[in-house]
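Some notes on the structure that comes next.
The values are calculated or read from the model by the stated rules, or taken from the named source; none is laboratory data. In this text, all values refer to a predicted model and were calculated from it rather than measured experimentally. In this analysis, Cβ positions are derived from the backbone assuming ideal geometry, glycine residues included, and neighbour counts consider all displayed protein chains. All accessible areas refer to the heavy atoms of the entire protein, side chains included, with ligands and DNA or RNA removed. Shrake-Rupley method; radii C 1.70, N 1.55, O 1.52, S 1.80 Å.
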Amino acid sequence: MGRRYIDCREFPSEMKCTIAISADTEEELVDAAVLHAVTVHGHDDTPAFRAEIRHAIHDGMPPLKVA
């Protein structure tokens with residue numbers, strides 16, 4: 001399996017966060033994305049939230065711009 005990513009730009013917020021996180025494993029990516037979401041955006045680290053994060057993961061590298 002190749003590189004995977006999650007991109008905060010896909011989730012509109014008042015902060016207009018532009019963070020994109022990539023990793024070689026889904027587990028590492030989920031851990032990093034949850035840490036970011038909890039510390040920066042104030043989300044709670046719950047099993048339901050982790051499942052939501054997993055659904056937002058893409059294969060490859062983040063694009064320069066989000067549609």
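Worth pointing out:
- Considering (1) of a type outside the set (S, T, N, Q); (2) surrounded by 13 or more Cβ atoms within 10 Å (Cβ to Cβ); (3) over 9 Å from the mean Cα position of the chain (by Cα), the lone condition that I21 does not fulfil carries the number (3).
- Tallying residues that are within 11 Å of the chain's Cα centre (by Cα) and either in contact (Cβ under 8 Å) with a residue 60 or more places away in the chain or open to solvent by 60 Å² or more (accessible area, probe 1.4 Å) (or both) within the range 29-49 yields 2.
- Listed by first and then second residue, the pairs linking a residue in the range 56-67 that is assigned to a strand (DSSP E or B) to a residue that is exposed (fewer than 14 other Cβ atoms within 10 Å of the Cβ) and of a type in the set (A, V, I, L, M, F, W, C), with Cβ atoms under 9 Å apart and 6 or more places separating them unless they lie on different chains, are D59/M1.
- Among the residues of the range 57-67, those that are modelled with pLDDT of 95 or more and either under 11 Å from the mean Cα position of the chain (by Cα) or surrounded by 13 or more Cβ atoms within 10 Å (Cβ to Cβ) (or both) comprise I57, H58.
- Looking across the range 1-18, just one residue is of a type in the set (V, I, T) and either within 10 Å of the chain's Cα centre (by Cα) or open to solvent by less than 70 Å² (accessible area, probe 1.4 Å) (or both), and that is I6.
- In the range 14-48, residue nearest to V66 (Cα to Cα) [restricted to those that are among the β-branched types (V, I, T) and part of a loop (DSSP other than H, G, I, E, B)]: T18
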